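Working notes, structure below.
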Amino acid sequence: MSLLVVGLSHRSAPVSVLERASLDADTQAKLLQDVLAAEPAVEAAALATCNRIELYADVDKFHAGVAELSTLLAQHSGVGLEELTPYLYVHYEDRAVHHLFSVACGLDSMVVGEGQILGQIKDSLARAQELHTAGRLLNDLFQQALRVGKRAHSETGIDRAGQSLVTFGLEQLAVGHADVPAWAKGKRALVIGAGSMSSLAAATLARAGVDEVVIANRTAERAERLVQILTEPGGTGVAARAVRMAEVGDELARADVVVSCTGATGLVLTAVAVETALAGRKAPLALLDLAMPRDIDAAVHRMVNVRLVDIESLAEASADAPMAADVDQVRGIVADEVAAFGAAQRAAHITPTVVALRTMAADVVAGEMARLEGRLPGLDEKQRAEITQTVRRVVDKLLHAPTVRVKQLASEPGGAGYADALRTLFDLDPEAVAAVSRADLNDADVKNRGRV
């Protein structure tokens with residue numbers, strides 16, 4: 001089996017296509033279940049964010065896997081296969097590992113170095129574990145990706161290379177001012193949504209010095225919870241309150257800056273709503289749309305006295321963002337970690353064969369001892385134990401060097417054939433090896449279930 005990733009991102013597709021191809025949580029679950037029902041795949045996980053949709057799978061056939069995953073992405077995204085195909089990229093085996101590790105480090109983000117992607121990878125793994133679509137390979141891969149991402153942020157200055165989309169978006173709104181705090185000071189902020197991105201936006205605005213943050217969300221309890229976090233002792237100290245979605249129009253008229261990031265399938269702020277809010281006001285209105293698909297009507301771009309920054313404009317702005325020198329160091333970390341992951345996986349591939357060999361040797365020892373006892377029934381317990389221990393030591397010494405060496409060789413590039421050689425040389429039963437593999441997979445599923 002081999003790792004395959006098929007996906008599209010802001011680097012391969014226009015925002016208009018990404019927006020239409022977005023997958024909600026229910027659709028992702030159905031997609032993963034359908035991938036496992038397809039013949040080429042035995043494991044699957046989806047990484048879906050505002051600027052990327054990727055499907056990871058453990059497949060036994062490359063071309064059939066690419067065709068099946070591409071077709072299923074098209075079916076569940078609602079974008080036709082013919083339209084979607086030119087924007088898809090494919091990575092296989094080590095290149096697929098390299099891609100996910102780069103994503104985890106923020107090297108493939110719209111804003112290089114942003115750390116929010118780690119939380120999204122964590123959520124993707126948790127979802128695949130909950131649905132039982134992630135087996136040993138994808139559990140190991142995503143767990144390692146999280147460790148690589150954390151290592152990159154702790155050992156390098158990659159954080160200096162970029163910020164979260166929230167910070168970057170606010171910087172685009174604050175163009176012409178010394179910095180975001182100078183621009184935000186004294187403003188009233190309206191945040192629509194109470195998810196992770198919206199929460200980050202509310203906290204960022206509060207720390208930047210806005211006078212008030214108003215939270216609007218379809219679920220009142222989540223909005224109230226976010227307000228509680230913002231206003232609790234030792235928190236941001238900002239004035240905050242929660243409102244119903246029905247009150248967004250009134251709050252829009254009073255707000256100076258609006259950040260919207262919901263999971264709605266339709267527009268949250270229409271051009272008419274924004275135009276109504278602008279009526280009779282002199283102060284400019286700043287809008288930041290971080291949703292995919294978009295929350296705010298793109299027609300707002302053409303309005304006077306309003307500035308809208310959305311995912312599309314962020315993509316254009318980030319294309320010219322400077323790359324920090326730390327990026328090269330992170331690339332080095334990724335390369336080292338990809339090599340280590342590959343070696344570990346190749347070594348693990350031969351482990352069932354080695355276990356089956358040692359099990360066969362133990363069975364041979366047991367059989368020979370039973371035959372010896374039949375010929376020498378007068379052996380006492382001490383003599384029998386000494387002979388058994390001696391035979392086992394001989395077998396262990398004979399097998400030790402070959403099995404250690406074969407594991408070393410198997411961990412090197414091109415070492416996959418050593419497991420086959422071992423099975424052939426010792427005439428191992430393929431079903432015995434498969435039984436060990438199944439037991440390992442079951443153990444891995446139990447150990448990794450719920451772990452992130």
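The values are calculated or read from the model by the stated rules, or taken from the named source; none is laboratory data. From a predicted model like this one, the values you see are computed outputs, not experimental measurements. A quick note on method: Cβ atoms are made from the backbone with ideal geometry, for glycine too, and the neighbour counts reach across all protein chains shown. Surface accessibility is based on the protein's heavy atoms, side chains included, excluding ligands, DNA and RNA. Shrake-Rupley method; radii C 1.70, N 1.55, O 1.52, S 1.80 Å.
Below is a table of values for the structure above.
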{"read-out": "Label-to-label distance, nm, for residues given as Ser154 and Glu275 (7 Å Cα→Cβ offset)", "value": "5.4 nm"}
{"read-out": "Mean Kyte hydropathy of 0.0 or more with a Cα span along the axis of at least 20 Å, helices from DSSP in the chain", "value": "62-77, 326-375"}
{"read-out": "Difference of contour (0.36 nm per residue) and Cα-Cα distance, Glu368 to His301", "value": "15.7 nm"}
{"read-out": "Nearest-0.05 FRET efficiency for Ala401 and Ala335, computed from C-beta distance (R0 35 Å)", "value": "0.65"}
{"read-out": "Segment 173-325 shape via C-alpha gyration tensor axes, a/c threshold 1.5", "value": "rounded"}
{"read-out": "Contour minus Cα-Cα distance for Arg241 and Glu431 (0.36 nm per residue)", "value": "62.0 nm"}
{"read-out": "Extension gain (nm, one decimal) between His63 and Asp24, 0.36 nm per residue minus Cα-Cα", "value": "11.3 nm"}
{"read-out": "The chain - percent of accessible surface contributed by carbon and sulfur, probe 1.4 Å", "value": "53 percent"}
{"read-out": "Cα gyration tensor shape for segment 167-243, rounded if a/c is under 1.5, else prolate or oblate", "value": "prolate"}
{"read-out": "Volume per residue of the C-alpha convex hull in segment 215-297, rounded to whole Å³", "value": "99 Å³"}
{"read-out": "Whole-Å semi-axes of the ellipsoid equivalent to segment 48-87 (Cα gyration tensor, √5λ, descending)", "value": "18, 13, 8"}
{"read-out": "Where the Cα pairs of the chain fall when distances are cut into 10 Å bins, in %", "value": "4, 17, 24, 21, 14, 8, 6, 4, 2, 1, 0"}
{"read-out": "Qualifying lysines (Cα of each under 29 Å from Cα of Lys185; at least 8 residues distant if same chain)", "value": "Lys282"}
{"read-out": "Distance in nm between pseudo-label sites at Arg95 and Ala37 (7 Å out along the Cβ direction from Cα)", "value": "3.1 nm"}
{"read-out": "Zero-based 5 Å bins, Cα pair distances in segment 262-376, whole percents", "value": "2, 9, 10, 9, 7, 6, 6, 6, 6, 5, 5, 5, 4, 4, 4, 3, 3, 2, 1, 1, 0, 0"}
{"read-out": "Over segment 340-422: Rg over Rh, Cα atoms, Kirkwood Rh", "value": "1.17"}
{"read-out": "Global geometry of segment 32-182, whether rounded, prolate or oblate, following the gyration tensor of its Cα atoms and the 1.5 cut on a/c", "value": "prolate"}
{"read-out": "Solvent-accessible area per residue for segment 182-233 (1.4 angstrom probe, square angstrom)", "value": "45 Å²"}
{"read-out": "Low-density loop cleavage sites - trypsin sites (Lys or Arg not before Pro) in segment 1-109, where at most 14 other Cβ are within 10 Å (DSSP)", "value": "Arg11"}
{"read-out": "Within the chain, helix-based [θ] at 222 nm, where runs of 4 or more DSSP H residues each add -39,500 (n - 2.57), nearest 500", "value": "-18000 deg cm²/dmol"}
{"read-out": "Distance (nanometres) between label positions extended 7 Å along Cα→Cβ at Ser12 and Thr231", "value": "4.6 nm"}
{"read-out": "Sorted peptide list for 244-255, 115-126, 366-377, 267-278, criterion being average Cβ within 10 angstrom, highest first", "value": "115-126, 267-278, 244-255, 366-377"}
{"read-out": "For His10, distant residues with modelled amide H under 5 Å away", "value": "none"}
{"read-out": "Gyration tensor (Cα) of segment 44-126, equivalent ellipsoid semi-axes in angstrom", "value": "22, 15, 12"}
